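Q: Dropping the structure in here first, questions after.
The values are calculated or read from the model by the stated rules, or taken from the named source; none is laboratory data. Owing to the predicted nature of the structure, the values given are computational and were not obtained by experimental measurement. Reconstructed Cβ throughout: ideal geometry from the backbone, glycine too, with neighbour counts over all protein chains shown. These accessible areas exclude ligands, DNA and RNA; they are computed on the full protein's heavy atoms, side chains included. Shrake-Rupley method; radii C 1.70, N 1.55, O 1.52, S 1.80 Å.
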Amino acid sequence: MNNEQIYRITVPTPFTVGDVNMYLIKGETLTLVDAGVKTEEAWQAFQQQLGQLGFTPSDIEQVVLTHHHPDHVGLLDYFPASLHVVGHLKGERWLSKAPDFLEKDQQFFEQFLKECGVENAFLAQLSEMRSSFRYSCRRSLSATLQEGDTIPGLSGWIVIETPGHAQSHIVLYREQDGLIIGGDHLLLNISSNPLLEPPFAGETERPKPLLQYNESLKKLLDYDISRIVTGHGDDVTEVKELVEKRLDKQRERAYQVLDMLKMKPLSAFDVCKKLFPAVYEREFILTMSETIGQLDYLEDIGEVAKRKVAGHYIYEAK
């Protein structure tokens, strides 16, 4: 029998999502899954809870990342550079933040948002678009993980790729008892937002994260899962029911967008402003990601078509 123990460590974040969970696995190798957000407050809370378990940060032998978002990687900057850190290959560019990638990322978003119908005057206000980077880390992965991999020092766990919320998203599955360490893939009380990202090296098309996310949700139904411990909030035990609920809700939102387009053709930015009138300026990338996701979904099922007019795309119901 596997006698490893798993402990939840929860630290505050400056983001609207609230606190973030990390997991310490006391097995053959003392492993931390995810690494919080880079604030002194989070570091102090982490050290205190770790101490209550009888450990110090220097006891941790490796970190496994479920995905690259700042609230899951930031505390890595408090650890020595020699610490073994593993995650999906598609997270590396966000962790190391090479100047050429950051420049390409900026160019991609500026061009893409213009094609979405975002006015130049509004784009000029987006210098804060990457402001969350200051809560992230700057380092490289020691090794990469992909679908079906096992993790050295964590026997009995396998990697399941679950792109959508992030291109780099993975979950860890323990077949013995059906436990999943799920990052932000399926959260109990909030829907994960499939976030826009530029194409990966060698890809010509941008990813369509909502379509990926739907497939990654359905993928969970292929596994015998007893419980998912999550990146935010409480555990998920009724996995099949929650997956179906999330998919149904997403379909509802998409048909809400379709109803708008039946009234008249709109740009993605027009749709975003109608869907999120109170928050689109404050949560611009989140709300645009959600909007593009719904439009990608409607295009994929053949309900809408898009055409280019004066440098940006207009969507219309078929």
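Q: Taking the Cβ of Leu188 as the centre, find all other residues whose Cβ is under 12 Å away and add up their charges (Lys, Arg: +1; Asp, Glu: -1). Each step should come with its number before you reach the end.
A: Numbers: positive: Arg227, Lys245, Arg246; negative: Asp184, Asp234, Asp235, Glu238, Glu241.
Here the charged neighbours net out to -2.
Q: Counting residues in the stretch 1-156 as N, plug N into 2.2 N^0.38 Å and put the Cα Rg over that result.
A: Normalised by 2.2 N^0.38 Å, the Cα Rg of the stretch 1-156 equals 1.18.
Q: My understanding is that a pair violates if its Cα-Cα distance is over 27 Å; which of Lys97/Lys208; Lys38/Lys208; Lys97/Lys308; Lys38/Lys274 do that in this structure?
A: Too far apart for the 27 Å limit: Lys38/Lys208; Lys97/Lys308; Lys38/Lys274.
Q: For the Cα atoms of the chain, what angle does the longest principal axis make with the long axis of helix 284-300, in degrees from 0 to 90, nearest 10?
A: 70
Q: Let me ask something else about it. Would you please name the GluC sites (Glu not before Pro) within the stretch 146-249 that are DSSP coil residues with at most 15 other C-beta atoms within 10 Å of their C-beta?
A: Glu147, Glu175, Glu203, Glu205, Glu238
Q: On to the next question. By per-residue mean of other Cβ atoms within 10 Å, what is the highest-first order of 58-70, 304-316?
A: Most protected by this proxy first, the peptides run 58-70, 304-316.
Q: Which net charge results when you count Lys and Arg as +1 and Asp and Glu as -1 among the other residues whose beta-carbon is under 12 Å from that of His84?
A: Local charge sum for His84: 0.
Q: I'd like the carbon and sulfur percentage of the solvent accessible area for the chain, probe radius 1.4 Å, heavy atoms only, ligands and nucleic acids excluded.
A: Summing carbon and sulfur atoms, their accessible area is 49 percent of the total for the chain.
Q: Rounded to the nearest angstrom and ordered from largest down, what semi-axes does the equivalent ellipsoid of the chain get from its C-alpha gyration tensor (root of 5λ)?
A: Value: 35, 22, 17 Å, ordered largest first.
Q: Accessible area per residue for the chain in Å², computed with a 1.4 Å probe and the full protein assembly in place, what is it?
A: Values: 14400 Å² over 318 residues.
Value returned for the chain: 45 Å² of accessible area per residue.
Q: In degrees, nearest 10, range 0 to 90: what is the angle between the Cα axis of helix 99-115 and the longest Cα principal axis of the chain?
A: Tilt relative to the chain: about 30 degrees.
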